[in-house]
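One structure is given here, and the rest of the page talks about it.
The values are calculated or read from the model by the stated rules, or taken from the named source; none is laboratory data. Treat the numbers as computed from the prediction; the structure is a model and nothing was measured. As a convention, Cβ positions derive from the backbone with ideal geometry for all residues, glycine included, and neighbour counts pool all protein chains shown.
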Amino acid sequence: MALLKVESLSKSFSGLKAVSNLDMEINKGQLVGLIGPNGAGKTTVFNLLTGVYTPTDGTIIFQDKKMNGLPPYKVSSQGIGRTFQNIRLFDDLTVLENVKIAYHQHVSYNTLSGILRLPNYFKGEAEMEEKSMQFLKIFDLDKNADELAKNLPYGQQRRLEIARALATKPSLLLLDEPAAGMNPQETHSLMELIRWIRDEFDLTILLIEHDMPLVMGVCEHIYVLDYGMVIAHGTPDEIKNNPRVIEAYLGEEAI
Amino acid sequence: MKLLNKKNAGILLSLIVVYGLVQVLFNNGILNQYYMMTLILVCIYIILSVSQNLITGFTGQLAIGHAGFMAIGAYMSAMIVVKFQGSLLLGLVFGAIIAGFAGILIGLPTLRLRGDYLAIATLGLGEILRIVFLNMDYLGGATGLSVPKTIDWTWAFWLMVISVLIISNFINSSHGRACISIRENEIAAEAMGINTTKYKVMAFAIGAAFAGLAGGIYANYMYFIQPTTFSFLKSFEILVMVVLGGLGSTTGAIIGAAVMTIGSALLADYPEMRMLVIAVLLIALMIFRPNGIMGNKELKFNFLNFKKKGDENGTT
């Protein structure tokens, strides 16, 4: 049974077809890669899946529910978490607060208890703090809990983004270029981490990445996008030898 | 009990000292009526700037219609007190609730706008509210409305304390953090499951309700209210206090309100100098401290904690 099923999904921006007729099926527990040259429409696909854009055409079915037209916060509460290509942390807040905000949709007290400081406020806050610290610990960020997010080094900011996305308790995690700007060593440990969180949190992961060793090393299934269309999909080995993929990446003459 | 730790007890104690000191000085005639009026105005403006700060400083929405909500609170509480012979407390609460509802009604359509557009829309709506009262003969229209003076230092001071406490408790709860996340990055906030429209409107409505409360206090202190009091200049004045104190700092908003109100009172004898001094002050501030007096930091009252290395789970 597919966790996420996308059927003939299209999105045009006044004439420009950013994504056209995209079909995709992701099963529970899979680790899927989405690759393609620059401007192929990969991030647009993410934005469609998370409700940032409304699809021009097609359907998105997640856990047997139609997701088209849902606003991003509802998509998040349905269980799709994401990170951003250009890091979007809450810069002026601490690392801990960043994760706490992601945990907000599971908050156990209401506004009034917060204002009146009723006992369940203290209980809820303590629980939130404990859970958030657990996420930070996984990403080795617990020592930086009180630092401002903007003061973290780049690699740690990327990891905080993943920690924050995990705190929303997703069942599908979308990672937009998690290894961008990392050196090979960091990329390698990130690869391990991605595999580990998939198993630990019982997640399904869809990731966009340009780093081929990472994609080929970690993904079980790969979709290749070019000019908004899926030109190939299959296992890493099938993709490596697919002539259309080579053409898209290296140009026609290379064949 | 976390509510009554040493730091909170220290803050409460110093509030009682300030309250008592002013009351004693006033009873002995050392503080005259004029100083008293200034101090009560400081309380009113603190409520206004702290609530404006919730909308602009914490939630990041540049709304400039606070005087309009203040007018609603002032007129509605005056209506209860003058027309229906209701009690002062009932009038204040009623005014605040109506202003809060107006905040929801105005917030729902306007908070879809961003930045300058939101500022212009709320500025316009604030003016519309003033003009509505200008044409409402039932509440005095342009000639104004006389209201008995029932607010004294006790009312003004403790209502101010309660308002600041409620707003800062809200900011320090998970729901308040949801508001702050909107200021920090709206797209990321949505992606983290925060219903940004809901929290924007919530912050706006809470802010408006406290502006209404401040308006009610004002009306029941000043003997007389008139629509011209609640012009957009008042909204700007409140915004200036918030910017002066530092956007996103509650203690900053309190300092900003105090500095501006006391400063205006000191310069009251030189009305033409007043605007000049304020303008120069603001220009200097923007050059030397563009983030306001406090920036987005809070004044931490740790010296009241009596311990050298205490935990910091207080109100700031």
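Quick notes on this structure:
- In the stretch A:4-16, the residues that are surrounded by fewer than 21 Cβ atoms within 10 Å (Cβ to Cβ) and touching a strand residue (DSSP E or B) at 6+ places or on another chain (Cβ under 7 Å): A:Lys5, A:Glu7, A:Ser8, A:Ser10, A:Ser12
- Only a single item in (1) of a type outside the set (D, E, K, R); (2) in the same structural domain as A:Arg198 (by TED's automatic domain parsing); (3) buried (at least 20 other Cβ atoms within 10 Å of the Cβ) is not met by A:Thr54, and it is number (3).
- One residue from B:Phe170, B:Phe157 being within 11 Å of another protein chain (Cβ to nearest Cβ) and among the aromatic types (Phe, Trp, Tyr): B:Phe170
- Every residue from the stretch B:182-201 that is more than 20 Å from A:Gln78 (Cα to Cα) and within 7 Å of chain A (Cβ to nearest Cβ): B:Glu184, B:Asn185
- Odd one out for B:Asn220 among (1) within 16 Å of the chain's Cα centre (by Cα); (2) within 19 Å of B:Leu41 (Cβ to Cβ); (3) not aliphatic (A, V, I, L, M): (1)
- When A:Asp64, A:Asp23 are checked against the criterion of being more than 26 Å from A:Lys240 (Cα to Cα) and among the acidic types (Asp, Glu), A:Asp64 stands alone in meeting it.
- Top-ranked residue in the stretch A:107-123 [being closer than 15 Å to B:Tyr199 by Cβ and at the interface with another protein chain (Cβ under 7 Å from one of its Cβ atoms); ranked as surrounded by the fewest Cβ atoms within 10 Å (Cβ to Cβ)]: A:Thr111
- Residue in the stretch B:252-270 that is touching a Ser or Thr at 6+ places or on another chain (Cβ under 8 Å), at pLDDT 90 or above, in a helix (DSSP H, G or I) and not aliphatic (A, V, I, L, M) present: yes
- Residues located in the stretch B:189-227, provided they are assigned to a helix (DSSP H, G or I) and without any contact (Cβ under 8 Å) to a residue 24 or more places away in the chain: B:Ala189, B:Glu190, B:Ala191, B:Thr196, B:Lys198
- Hey, B:Phe224 more than 23 Å from B:Thr38 (Cα to Cα) and either buried (at least 18 other Cβ atoms within 10 Å of the Cβ) or modelled with pLDDT of 85 or more (or both) or not: no
- The stretch A:50-106, subset basic (Lys, Arg) and assigned to a strand (DSSP E or B), residue farthest from the other protein chains (Cβ to nearest Cβ): A:Lys66
- Only one of the listed residues (B:Gly29, B:Gly60, B:Gly20, B:Gly10) is away from chain A (no Cβ under 14 Å), on the phi > 0 side of the Ramachandran plot and not aliphatic (A, V, I, L, M). That residue is B:Gly29.
- Residue tally, condition among the aromatic types (Phe, Trp, Tyr) and within 19 Å of the chain's Cα centre (by Cα), over the stretch B:20-57: 1
- Conditions (1) within 25 Å of B:Ala121 (Cα to Cα); (2) out of contact with any Pro (no Cβ under 8 Å at 6 or more places or on another chain): number failed by B:Glu190: (2)
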